[in-house]
Amino acid sequence: MRRYKAIIAYDGTDFSGFQIQDNGRTVQEELERVLTRLSSGQVIKIHGSGRTDSGVHALGQVVHFDLATARDPEKLRFALDTQTPDDINVLAVEAVEDTFHSRFNPHNKTYQYQLTTSRAPNPLTRRTSFHVPKLIAQDEMMAAADLLVGTHDFTGFTASGATVEDKVRTITAVRIVKTSEHELSISFSGNGFLYKQVRNMVGTLIKVGLGKWPASRISDIIAAQNRDLAGPTAPAHGLCLMEVNYRDDRETT
């Protein structure tokens, strides 16, 4: 068996998330269907660096899979890219050591959430950006973002459906950047994120940006470990998994 790592991008609008489910179209299902076809009917399973929820996009999701025979990586990438649906793109494929695991090898992820702040929504960004006018306290919002950085128990930002017991995570950077007059992006980098954690943090930062809460609300939520103190879950369509960086670059790019 030969192991391959692939970097994929997808528009999550019409997917019920990355991972195969009992009902609903998923990214994993589409990729496995093509790989199985390319392997003359032998069922191929892929493993992702993590799940993305229904409606969440990706520009740098990482997956790995095993094939019975060695394949030219670029030819394999081209075959996957041309035979998957238009809302999935396969950006890169490379052969890796069989010890590489896209989920369990130590890595950091970066997510980005896009906001549109114009008076009226922009129809051209409606699938990838959340419309929030009247963000009158953007400086306070940036101060709040800084309070998320560090190693914390993020129970207060975790959805009730989370199944993991250890909710301590490290966020290495949160950046709020005004990309144009009416566009704002919020990026989060860290060693892992809990179920809907990023969207819950965004919902809380939006409350601060609207002038409803002070920046110190972030510290209160972390200390209390109480989800009820945080803001609403921001919609999925504004979120994108930008990249996954592995710490052992001998096996990955």
Out of (1) touching a strand residue (DSSP E or B) at 6+ places or on another chain (Cβ under 7 Å); (2) in a loop (DSSP other than H, G, I, E, B); (3) open to solvent by less than 40 Å² (accessible area, probe 1.4 Å), what's the single condition that is false for THR128? (3)
When both residues are 6+ apart or on different chains and their Cβ atoms are under 6 Å apart, which pairs have a first residue that lies in region 140-168 and is over 15 Å from ASN226 (Cα atoms) and touching a residue at least 40 places away in the same chain (Cβ under 8 Å), and a second that is open to solvent by less than 30 Å² (accessible area, probe 1.4 Å) and basic (Lys, Arg)? none
Residue satisfying all of: in region 151-171; more than 20 Å from PRO232 (Cβ to Cβ) and over 19 Å from the mean Cα position of the chain (by Cα); surrounded by the most Cβ atoms within 10 Å (Cβ to Cβ) among these: HIS152
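Does region 1-19 hold any residues that are aromatic (Phe, Trp, Tyr) and farther than 13 Å from ASP87 by Cα, and which are they?
Within region 1-19, the subset aromatic (Phe, Trp, Tyr) is 4, 10, 15, 18.
Matches in region 1-19: TYR4 only.
Among residues belonging to region 1-19 that are among the aliphatic types (A, V, I, L, M) and at pLDDT 95 or above, point out the one that is most open to solvent (accessible area, probe 1.4 Å). Before the answer, list the steps.
Initially, region 1-19 is screened for residues among the aliphatic types (A, V, I, L, M), giving 1, 6-9.
Then drop every residue that is not at pLDDT 95 or above, which leaves 6-9.
On the way: ALA6: 2, ILE7: 44, ILE8: 2, ALA9: 12 Å².
Restricting to residues being among the aliphatic types (A, V, I, L, M) and at pLDDT 95 or above, the top hit is ILE7.
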Cβ pairs under 8 Å, 6+ apart, first in region 169-180 and in contact (Cβ under 8 Å) with a residue 40 or more places away in the chain and more than 23 Å from ILE136 (Cα to Cα), second open to solvent by 50 Å² or more (accessible area, probe 1.4 Å) and among the polar types (S, T, N, Q): THR172/ASN108; THR172/ASN191
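For region 76-115, which positions are among the aromatic types (Phe, Trp, Tyr), open to solvent by less than 20 Å² (accessible area, probe 1.4 Å) and out of contact with any His (no Cβ under 7 Å at 6 or more places or on another chain)? So that I can check it myself, show each step before the final result.
Narrowing region 76-115 to residues among the aromatic types (Phe, Trp, Tyr): 78, 100, 104, 111, 113.
Filter again for open to solvent by less than 20 Å² (accessible area, probe 1.4 Å), leaving 100, 113.
Residue satisfying the conditions is TYR113 alone.
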Kindly evaluate VAL43 against the criterion of being in a strand (DSSP E or B) and on the phi < 0 side of the Ramachandran plot. no
Taking VAL34 as meeting all but one of (1) closer than 16 Å to ALA236 by Cα; (2) buried (at least 18 other Cβ atoms within 10 Å of the Cβ), write down the number of the exception. (1)
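Here is a check on your reading of the model: is THR179 assigned to a loop (DSSP other than H, G, I, E, B) and either surrounded by fewer than 18 Cβ atoms within 10 Å (Cβ to Cβ) or at pLDDT 95 or above (or both)?
On the way: assigned to a loop (DSSP other than H, G, I, E, B): no; either surrounded by fewer than 18 Cβ atoms within 10 Å (Cβ to Cβ) or at pLDDT 95 or above (or both): yes.
No, not satisfied.
The values are calculated or read from the model by the stated rules, or taken from the named source; none is laboratory data. Predicted, not measured: the structure shown is a model, and the values here were computed from it. Cβ coordinates were reconstructed from backbone atoms using ideal geometry, including for glycine residues, and neighbour counts include every protein chain displayed. Remember, those area values only see protein heavy atoms, side chains included, never the ligands or the DNA or RNA. Shrake-Rupley method; radii C 1.70, N 1.55, O 1.52, S 1.80 Å.
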